[in-house]
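These notes are about the structure you will find just below.
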Amino acid sequence: MSLKDKIPGYNKLVLPYHLVQASVAGMKYGFPGKKMRVIGVTGTNGKTTTCFMLAKILNESGHKTGLLTTVGWGVPGLTKKDILNDKGLIPKDNALRGSGGSTSDLRVEDGIVRQVEHMTTADSFTLNRRMKKIADEGAEFLVLEVTSHALTQFRTLGIPIEIAVMTNVTHEHLDYHKTFANYVAAKTKLFKKAHYGVVNADDPSADKFISAVSPREYITYGINACANLRASRVKLEASGVKYSCGDINIETQIPGEFNVYNSLACLAVGRRLGLTDEQIKKGIYALTSVEGRMNRVNLGQDFEAIVDYAHTPDAFQKVFDSVKAPAKNGRIISLFGGAGRRDETTRAERGEIAGKYSDVCIITEDDSRDEDPLEIMDEFREGCLKAGMKSEQVLMIPDREDAISKAISIAKKGDLVLVLGKGHEKTILRADGPHPFEDLKVTEKAIRNKKAN
């Protein structure tokens, strides 16, 4: 058990330290956020995809745009050599060093450094150093993914937010915030400092975000509510989504109803920044995937396999609402687990959601940390059984690689395998620390092994 778990009120006690740290970091690097036009994106789910979509739209439109998200950070033109020449861009406790990896594992693709930490918004010093690097590379815009932890701990201090975007807010991180009201209040801090707000009108907490940005300007978007930007004639397909919003027709190459919302938010931001509808439309369609977000693993097998970061009840629900087995009699085989010391109260709920839609559930480890992974798995199993699954439909396999191999081995023609929970992450956190692990790579390996046999 960590120190913060032993000391009552630890998170509040250390807030002055976070404030001082953020102030010093900002001054050390000259408050680099002020050199760019910053778009901050917050919410429970959809933040990363929305950020990548916004950056794609802006870069495709000729506006050099930096990106700081869960999956990665960077700016067009940034190279691996640039990163290795400035060691401060990768903190000492990053996943590469902590898991025994090396800088040879560092991946930089199209100027984006792939994720090496287990946090969305980095610590204040790393965040400011990376922003400075992006600004020095000539970025006009910065798209910043902002978490409730970052807002509570002052990590975004000194970063002027031109536009704030809210994707949605559902129960998460209550181990830290204690109540849902506190969690929402933390998220709204981004809107209190923004000049303009973009709010999901379909979200039950929409009014709180509107109030936070008011009396400044804001716009709402949605599918069901009376939003300023409302999607109609929505078509959900395996290859993406299509819909209309007024006189513009939008198409994405990433599936899922949630990408209707993500792209609507991008439409709102793009118009606010003065982009044409054609530029916005082309930019949205140009994004083909985001690592760990509804990634299809297609190696020529006769069943579908998808890897996704879903790890909250809302994200689980959205994934299952967006997929189906490719064959009429095909099964859905879902694999998942839960992080230790994180959102314990939702484990059974997540298991119940998976059990409702799956034919087979394989429960395994996630970032168990110092909590007993078997106890975590039991809580998920209870939820699966509550949904009406039979005991033989619920498999308990503690080792995640073994679990993925099992899911792939039992998949038949026309089935769908869902590997949920870790998505883009490069390590798994066990009691003895981080170990190298990537769901995408392990899933690919399992499929290759099956095809070879």
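Coordinate-derived values only; no laboratory data. Keep in mind that this is a model prediction, so the values were computed, not measured. Virtual Cβ from ideal backbone geometry, glycine too; neighbours counted across all protein chains shown.
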> Could you name the lysines in cross-link range of K445, using Cα to Cα under 23 Å and dropping any fewer than eight places away on the same chain?
Replying inline: K406, K412, K413, K422, K426
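For the pairs K282/K324; K242/K386; K189/K235; K35/K189; K81/K235, flag any whose C-alpha to C-alpha distance is greater than 32 Å.
Numbers: K282/K324 28 Å; K242/K386 35 Å; K189/K235 35 Å; K35/K189 21 Å; K81/K235 43 Å.
With Cα atoms farther than 32 Å apart: K242/K386; K189/K235; K81/K235.
Ratio of region 225-356's C-alpha Rg to 2.2 N^0.38 Å, to two decimals? Please list the in-between numbers first.
Working: Rg = 16.9 Å, N = 132, 2.2 N^0.38 = 14.1 Å.
Computed over Cα atoms of region 225-356, the ratio equals 1.20.
Let me check against my output: what whole-number percent is the relative contact order of region 295-452, with C-alpha pairs under 8 Å and at least 6 apart?
Details: 343 pairs, mean separation 50.3, N = 158.
Reported as a whole number, the value is 32 percent.
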> Mean separation of Cα pairs under 8 Å and 6+ residues apart, divided by the residue count of region 221-275: what relative contact order is that in percent?
Replying inline: 29 percent
> What percent does the relative contact order of the chain come to when contacts are Cα pairs within less than 8 Å and at least six residues apart?
Replying inline: 15 percent
> For K80, which lysines qualify as cross-link partners when the Cα separation must be under 17 Å and same-chain residues fewer than eight apart are set aside?
Replying inline: K132, K133
> If you keep only loop residues by DSSP, which trypsin sites (Lys or Arg not before Pro) in region 336-433 have at most 15 other Cβ atoms within 10 Å of their Cβ?
Replying inline: K390, K412, K413
>> In the chain, once you exclude exposed GluC sites (Glu not before Pro) (DSSP loop, at most 16 other Cβ within 10 angstrom), what's the longest stretch remaining?
In response: 258-453
> Cα gyration tensor of region 154-289, axes a ≥ b ≥ c as square roots of the eigenvalues: rounded (a/c below 1.5), prolate (a/b > b/c) or oblate?
Replying inline: prolate
>> Is the C-alpha gyration tensor of the chain telling us rounded, prolate or oblate? Criteria: a/c under 1.5 is rounded; beyond that, a/b larger than b/c is prolate, otherwise oblate.
In response: rounded
> Which aspartates and glutamates, on any chain, are close to K281 with Cα under 14 Å apart, when same-chain ones fewer than 8 places away are left out?
Replying inline: E60, D247, E251
>> Show me the trypsin sites (Lys or Arg not before Pro) within region 175-263 that DSSP assigns to loop and that have at most 13 other Cβ atoms within 10 Å of their Cβ.
In response: K178, R216
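Pairwise over distinct Cα atoms, reciprocal of the mean inverse distance: report the Kirkwood radius of region 186-250 in Å, one decimal place.
Numbers: mean 1/r = 0.0774 Å⁻¹.
With all distinct Cα pairs of region 186-250 included, I get 12.9 Å.
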> Seen from all sides and averaged, what is the projected area of the convex hull of the Cα atoms in region 295-452, in nm²?
Replying inline: 8.3 nm²
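Using a ≥ b ≥ c from the Cα gyration tensor of region 23-73 (square roots of the eigenvalues), is it rounded, prolate or oblate, where a/c under 1.5 gives rounded and otherwise the larger of a/b and b/c decides, a/b for prolate? All intermediate terms of the calculation are to be shown ahead of the outcome.
On the way: a/c = 2.64, a/b = 1.40, b/c = 1.88.
Judged from the Cα gyration tensor, region 23-73 comes out oblate (a/c at least 1.5, b/c at or above a/b).
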